[in-house]
Amino acid sequence: MTDIIGFMATDQYGQTYHIGNNPPRQWLLNYFGRKHADKMYRDTKAGKVRHVGYIIAGLWLDVYRVCLWKEAR
């Protein structure tokens, strides 16, 4: 299992939001002063649909897990 150290989000303009260990959806809603978020989905190469982020205040926000980087020795 990977060591998750937090979350981050990027919008369609390349702006980065460092969320930390907070729940991503709630942090983004508080940051933009909104009460509603639509889920954003993306098709995978395997033909499935995957939840990748949120649409809040007209921004399409991709949410990422930030994990520790471990080099193989």
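Look at region 44-73 and say how many of its residues are modelled with pLDDT under 95 and acidic (D, E).
Count: 1.
Select from region 1-53 the residues that are in a strand (DSSP E or B), without any contact (Cβ under 8 Å) to a residue 40 or more places away in the chain and among the hydroxyl-bearing types (S, T, Y) and write down the one among them that is nearest to K70 (Cα to Cα).
Restricting to residues being in a strand (DSSP E or B), without any contact (Cβ under 8 Å) to a residue 40 or more places away in the chain and among the hydroxyl-bearing types (S, T, Y), the top hit is T16.
Whether any residue in region 24-33 is basic (K, R) and either over 10 Å from the mean Cα position of the chain (by Cα) or at pLDDT below 95 (or both) is what I want to check.
No, the conditions are met nowhere in region 24-33.
Please find, within region 40-50, the residue that is surrounded by the most Cβ atoms within 10 Å (Cβ to Cβ) out of those that are of a type outside the set (A, V, I, L, M) and out of contact with any strand residue (DSSP E or B) (no Cβ under 9 Å at 6 or more places or on another chain).
Taking region 40-50 first, the residues of a type outside the set (A, V, I, L, M) are 41-45, 47-48, 50.
Narrowing the set further to residues that are out of contact with any strand residue (DSSP E or B) (no Cβ under 9 Å at 6 or more places or on another chain) leaves 45, 47-48.
Details: K45: 5, G47: 6, K48: 9.
Looking at the filtered set, the residue picked out is K48.
When you go through (1) in contact with an Asp or Glu (Cβ under 9 Å, 6 or more places away or on another chain); (2) more than 27 Å from D3 (Cβ to Cβ); (3) surrounded by fewer than 11 Cβ atoms within 10 Å (Cβ to Cβ) one by one for L68, which number turns out not to apply?
(2)
Could you tell me which of the residues A9, A37, A57 is in contact with a helix residue (DSSP H, G or I) (Cβ under 7 Å, 6 or more places away or on another chain), on the phi > 0 side of the Ramachandran plot and surrounded by 10 or more Cβ atoms within 10 Å (Cβ to Cβ)?
The match here is A57.
Which of the residues that make up region 12-22 are at negative phi and modelled with pLDDT under 95?
N21, N22, listed by residue number.
The values are calculated or read from the model by the stated rules, or taken from the named source; none is laboratory data. Just so it is clear, the structure is predicted and the values come from calculations on it, not from any experiment. Backbone-built Cβ (ideal geometry, glycine too); neighbour counts: all protein chains shown.
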